[in-house]
Every structure is written in C-alpha cells, then in structure tokens.
Amino acid sequence: MEVNMSEYSISPNGEKFPLPGPEDYSKEFERVKRLAGEQRARGLEIVVVMGIGFVGAVMAAVVADAQDKEGNPTKFVIGMQRPSSRSFWKIPLLNRGISPVSSEDPEVPLMINRCVNEKKTLTATYTYDALKLADVVIVDIQCDYLKEALGNVRDGRADMVALEESFEIIAQNISPQTLVLIETTVAPGTTEQIAYPIMRKAFQKKGITSDPVLAHSFERVMPGRNYVASIRDFWRVCSGVNEESTQRVVKFLNEVLNTEKFPLTVLDRPIESETAKIVENSFRATLLAFMDEWSLFAERNGVDLTKVINAIKIRPTHSNIIFPGPGIGGYCLPKDGGLGIWAYRHIHGFEDDIFKITPLAVDINDTRSLHVAQLTRDALRNMSRPIASAEILVLGASYREDVGDTRYSGSELIVRRLTEMGAELRIHDPYVLHWWEFEKQDEYPASSHGMKRFFRGQEKLKDLRVEQDLNHALQGIDALIFAVRHKHYLNLDPDEVVKYAGGPIAVIDCFGILDDEKIGRYFELGCEVKGLGRGHVKRIKDQVRAKREQLLLDISTKDEKGELNLRKEDLELITNGVKLGAED
Ligand SMILES: NC(=O)c1ccc[n+]([C@@H]2O[C@H](COP(=O)([O-])OP(=O)(O)OC[C@H]3O[C@@H](n4cnc5c(N)ncnc54)[C@H](O)[C@@H]3O)[C@@H](O)[C@H]2O)c1
C-alpha cells in the first residue's frame, strides 16, 4: 500500500509519527485539561508556550522548572505546536521527555526529561484548545523576513501571516485576564499596532470589553553550550501595553527567570522593547559587516586579520571587535534589520528612506560567503586544477561553532556557489545529521524561499548527505574548506589530513582556524592555502619556498663533498615543493 507522506511527520533521527486526525482533537484536549486541572488544584499556574522550536522548547522547560523559595514548582507548562508534517514530531518526542532541539548544553535534555518525567510540569500538545486553560500564553512562533534577492534586504518583507493568525486564535480562546507575552522578534510596532487591535476585536466579538493583557519581552537565547543559562540567567527587557500588562509581565518574569542576579529592564512601551531587539542585532550585524572590507584589504596586502583583531581587542573599549566567518548566519542576524526597515514603512507609514547602515550590513553579511568560492577557485588554479569536477569537502554546516543549527549558514552559500561552478561537494558536520536546506531544498525553509532559487544547477544537491566519518570524507578530495570553528576541526593535523586525502590539496581557512605553523606545514606538504582575511599566507608560502631553495643549495654542496645525508622531511619538502606554484 502506498503511504501518503503528508500524513506523517518524521523526526530528524527518522522516526515516523502519524499526524492527528479530526477525531483525535477532543481526546487530546481532555488529556491536557485533566493534567492542567490536577496541577491547578496543587496551586500551579498554567502557562501555554506557543511554538516549541529553538526558543519555545527551552523556554517552556525553564518555566516548567521554576520553583518557589520552598523548592515547589509554580508553573505547569503546555508546549503548543501546530501538527504540520514538518513540526508535529516535536510533540510526541517532548512528551517522552526528549528535547526536540539538539544542543551542546547538557542541561537541555536533563531539564526537559526532569520536567516531563519527574516533576510532571511539562507536556506538549497540538490543540489550540489548550489556550483555554492558560493563565499565561508565551508566543515563541517565528516571524520570518522573506528576501526576494540575494544581497538586497530592501527587496523583501516581514512574513506576518502565522503571527497574525496566532494573535486571533489566542484571543478567541483565552480568558480576558490571561497574560499574553510575545517573545518573538517582531517588526517594531507589532505588539501595539498589530497584535493589540486584532486581539481587541476578537475579544469584542466574544463580548469582552476589557483590554487584552499584552506584553513584549524578547529572547536573547544562544543555542550553544550555555543554551539554558542564556534564557534563565540573563538580562531581559520587557514592556506591557498598559500598566496592568507591565505589572503582570514583570511579576511573571521574576517568577521564572533569575532576575535577582540579572535584573529586568522595564521599558515604557512595547515598541521600545521590540526596537531594542532589532537595534541589538543590527549593531552586531554592522560590527561583522564592517570587518568584511578589512578582510579583503588584509587578503590583498599581506595582513593577517586574526592577529590584527587580537591586537585591537586588548583595548577594553574595543573588546567586542569580531572576526567574521564565511557569512553571518543564524536565524536572527540576517533578518532582524529587515524587520526594522519594513516596519518603518509598512507599520508606521513613512515614505522616506532613513536606513543606510543597517541594510548595507545585512547585504554585506548575506554575500560574504561567496568570496570563499573565489578563494577555492584560485587555490585550485594555483595547483593547476580546474574547479569544475573538483572534489571539495566543507567542514561544518552550521552557522556557528559547536551547534547543530544550519539556518542561513555561510556554508550553504559556499556549497551552492561552488556547485554552480561545477565542483562536487561533500559536507562533514558532527552536529548535523540532515542538512534539510539541501535534502528538502524545494520545501525548506519554505517552498518559495529557499536559497536554491538564487543559483543555477542545484538539483543534485538534494542528494547531499552530511558525512559523520571525517577520515572517510577526506578521501580523494581536491580541496578542503574550514568553514566553522567546531572544536573537532581546531586541532586537525595537516599530515593526517593530507594522508587521508591521498595527496596535496587546496586548503581554505574561513575562520582563522589554522595557526601559522599549520599553514606552513600544509605548504611543506605541497598544499595551497588561502583564507578569509589571511593575507599573510603568501609570506609563509615564500618562507617555505625559500627553505626549499636553501635545501637544494645545501644538497648540491654536500653532494659535491660526498656528505649527502637527507632527513625524511627535507626529502618531502623537496618533492612537494615542486608543486608550490608562484601564482596567487
Ligand atoms: N533561534 C535563536 O537563536 C533565537 C534567538 C533570539 C530570538 N529568537 C526569536 O525567537 C522566535 C522563535 O525562533 P525559533 O528559533 O524558536 O524559531 P523556530 O522556527 O525554531 O520555532 C518556531 C516554532 O513555532 C511553531 N509555530 C508556527 N506557527 C505556529 C502556530 N500558529 N501555533 C503554534 N506553533 C506554531 C513552528 O512550527 C516552530 O516549531 C523568533 O522570533 C526568533 O527571531 C530566536
């Protein structure tokens, strides 16, 4: 019998969960209602977290883990997630006590297991009816910014559909006194000018005359080694649409977060909290983008940008200067500036164009990784190998080190551009089992908005699989791209790499991963090395070349005197050095 895959949701490790049918909803609501009733009787507040993604899943656990001074739990949390084929699997997994997000932070799985299976303060569901049970609703669903062109953030729009629908559904279901806390990063103005009127109207339809209790407090979560702490033990900003909402949100956050050590900042209006998030991320995007031109300067003028940055960082006033990797990915930095620019026109109605730096920064960051393809082409050319049909291994698929999050990673564009240029790509990442941006490239992240549409010749990439065995992945490659600073890549031995590759290769360092000694060793082994912002590699190459020439000179004199007694490394350098091309 043919299985209709759209009726299933498949978890990242391949488990298949049938989607619920219409007949399942009332039974499911009875289940959560019973659980919530029992917990309310114990004095716990009921909190519904909408969207159990990267933020919602861990926020839900943090709230479910909260306790009073006597150590008793204070909240029962229902994680609510739409039963789409893409996301439904998160619900049954969470209900077993398994985290739906993978993380380097050991506290994530421990906390989720503890709350689900021991404290029994956390469950997950797909029914919106759960909202009827809530004292507090936390909105953690996404608000995407959809770009229509590569490297032009102005040509795009905020995707408000899921969010607007959710505001209406929430208001239809909650009681008038339920606190609705929007944590989603939104276009500034959304809480007061979009959510508030939608919810008020829905309230009025139900005959409720009071204002919704509505607030905004953005997340600063970093899904890495300190995932949980970045939610619970970190400073928060918040604001409510009126005095009551502000008081409620402050009380709630004080109850669930470590605000004694990390006090709240309460702003007057939600638009200020929303703007704080956008400015915070645009500031960081700008710092990174600013280094792109200096990275090119460094490459062309014999400068090692990593050393320059370390030299500057010593000044306390400049300690947050950062080396940009191959493109600035992650879910937030590529889109948040766009949300601000879009809001200015489409929420606030301004016609003029006040934004210069923010869009430029996003555009620079969005295209930085394409330069890696040029470096790879040039390194291979120096070895007299064409890029077409070259076997290239990219180390790291995620957007940052030691996490398994591939959203908008620089590596994706490196793979796409090099594929367009005719190369054969391989990928290794110890944190990523499936790179959905390729495996499901026609539907992920959305059918109309994948990066695929900006490149030609991408069809074969749906067969790209993430290698887990590095030595196997290295076999027979022509080029190796160090794209992410995963800890697994920091100490790779050039001799081992070249041994597994089966001979000299082109090595591209995108993230200041190779120190000078390793760069030198790669040259000695006959490899070609290039790196983002690493203009000094040419100097190291010249040194290796000079060393080889000196050796040759010594040999000829020793030969004449009959004293020729060469070391193995000398022989290697003499043989491999022939391949050290003069071009750059
Ligand atoms: N990921 C981060 O590092 C990070 C950091 C800070 C802030 N944020 C912000 O937090 C928000 C959420 O981001 P995320 O990374 O968790 O996104 P995500 O895509 O991982 O999660 C969103 C979840 O919401 C679900 N969802 C969508 N519509 C829904 C609906 N109507 N009802 C119930 N569930 C629904 C989706 O299926 C998904 O599981 C975004 O605004 C993001 O900008 C994210």
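The values are calculated or read from the model by the stated rules, or taken from the named source; none is laboratory data. Keep in mind the model is a prediction, meaning the values are calculated, not measured. Please note: Cβ atoms are built from the backbone with ideal geometry, for glycine as well, and neighbour counts cover all protein chains shown. The accessibility values were calculated without ligands, DNA or RNA, using every heavy atom of the protein model including side chains. Shrake-Rupley method; radii C 1.70, N 1.55, O 1.52, S 1.80 Å.
Screening the candidates 58, 62 for the property of being in contact with a helix residue (DSSP H, G or I) (Cβ under 8 Å, 6 or more places away or on another chain), under 22 Å from residue 174 (Cβ atoms) and open to solvent by less than 60 Å² (accessible area, probe 1.4 Å) yields one hit, 62.
Taking the stated definitions as given, is residue 110 modelled with pLDDT of 95 or more and under 29 Å from the mean Cα position of the chain (by Cα)? Yes. Pairs are defined by a Cβ separation below 7 Å, a sequence spacing of at least 6 or placement on different chains, a first member in the range 315-332 that is among the small types (Gly, Ala, Ser), and a second member that is not in a loop (DSSP other than H, G, I, E, B); the pairs so defined are 319/313; 325/410; 327/365; 327/410; 327/413; 329/410.
Residues of the range 148-181 that are more than 30 Å from residue 63 (Cα to Cα) and open to solvent by less than 10 Å² (accessible area, probe 1.4 Å): 153 alone. Going through (1) at pLDDT 95 or above; (2) within 13 Å of the ligand (Cβ to nearest atom) one by one, residue 67 falls short only on (2). So, residue 340, is that one at positive phi and in contact with a helix residue (DSSP H, G or I) (Cβ under 6 Å, 6 or more places away or on another chain) or not? Judged against the criteria, residue 340 is not a match.
Go through the range 202-222 and count every residue that is assigned to a helix (DSSP H, G or I) and surrounded by 18 or more Cβ atoms within 10 Å (Cβ to Cβ). Adding up the residues that qualify gives 2.
Test residue 131 against the criterion of being in contact (Cβ under 8 Å) with a residue 40 or more places away in the chain, open to solvent by less than 10 Å² (accessible area, probe 1.4 Å) and within 14 Å of the ligand (Cβ to nearest atom), and give yes or no. Here the answer is yes, as residue 131 does meet what is asked.
Listed here are the residues, each with its yes/no results for (1) outside any strand (DSSP E or B); (2) aromatic (Phe, Trp, Tyr).
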| site | (1), (2) |
| --- | --- |
| 157 | no, no |
| 169 | yes, no |
| 188 | yes, no |
| 196 | yes, yes |
| 200 | yes, no |
| 224 | yes, no |
| 228 | yes, no |
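Residues are listed down the side, and each one gets a yes or a no for (1) within 16 Å of the ligand (Cβ to nearest atom); (2) open to solvent by less than 10 Å² (accessible area, probe 1.4 Å); (3) of a type in the set (A, V, I, L, M, F, W, C); (4) in a loop (DSSP other than H, G, I, E, B):
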| position | (1), (2), (3), (4) |
| --- | --- |
| 297 | no, no, yes, no |
| 308 | no, no, yes, no |
| 320 | no, no, no, yes |
| 323 | no, no, yes, yes |
| 326 | no, yes, no, yes |
| 330 | yes, yes, no, yes |
| 338 | yes, yes, no, no |
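Within the range 349-398, being surrounded by 24 or more Cβ atoms within 10 Å (Cβ to Cβ), in contact with a Lys or Arg (Cβ under 9 Å, 6 or more places away or on another chain) and in a loop (DSSP other than H, G, I, E, B) holds for 369, 396, 398. Taken together, the criteria place residue 329 among residues that are at pLDDT below 95 and not aliphatic (A, V, I, L, M).
Looking only at the range 407-440, which residues are assigned to a loop (DSSP other than H, G, I, E, B) and open to solvent by 10 Å² or more (accessible area, probe 1.4 Å)? Residues satisfying the conditions are 407, 408, 421, 422, 430, 431, 433, 434, 440. Residues of the range 82-125 that are over 16 Å from residue 11 (Cβ atoms), of a type in the set (S, T, N, Q) and buried (at least 18 other Cβ atoms within 10 Å of the Cβ): 121, 123, 125.
The listed residues are 78, 91, and the only one of them that is more than 29 Å from residue 278 (Cα to Cα), modelled with pLDDT of 95 or more, within 16 Å of the ligand (Cβ to nearest atom) and among the β-branched types (Val, Ile, Thr) turns out to be 91. Look at residue 46 and say whether it is assigned to a helix (DSSP H, G or I), over 21 Å from the mean Cα position of the chain (by Cα) and either over 18 Å from residue 231 (Cβ atoms) or within 16 Å of the ligand (Cβ to nearest atom) (or both). Spelling it out, it is not the case that residue 46 is assigned to a helix (DSSP H, G or I), over 21 Å from the mean Cα position of the chain (by Cα) and either over 18 Å from residue 231 (Cβ atoms) or within 16 Å of the ligand (Cβ to nearest atom) (or both). A count restricted to the range 230-250 and to residues that are among the aliphatic types (A, V, I, L, M), in contact (Cβ under 8 Å) with a residue 40 or more places away in the chain, away from the ligand (no atom under 13 Å from the Cβ) and in a helix (DSSP H, G or I) stands at 1.
Evaluating residue 230 against the criteria (1) polar (S, T, N, Q); (2) surrounded by fewer than 18 Cβ atoms within 10 Å (Cβ to Cβ); (3) in contact with a Phe, Trp or Tyr (Cβ under 9 Å, 6 or more places away or on another chain); (4) under 30 Å from residue 359 (Cα atoms) leaves one unmet condition, (3). On the given criteria, is residue 312 of a type in the set (A, V, I, L, M) and within 30 Å of residue 252 (Cβ to Cβ)? No: the conditions fail for residue 312.
In the range 465-535, counting only helices (runs of 4 or more DSSP H) that sit wholly within it, the ones holding 2 or more residues that are open to solvent by less than 10 Å² (accessible area, probe 1.4 Å) and at pLDDT 95 or above span 470-474, 494-501, 516-524. The strands (runs of 3 or more DSSP E) located wholly in the range 93-152 that include 2 or more residues which are within 26 Å of residue 434 (Cα to Cα) occupy 122-125, 145-147.
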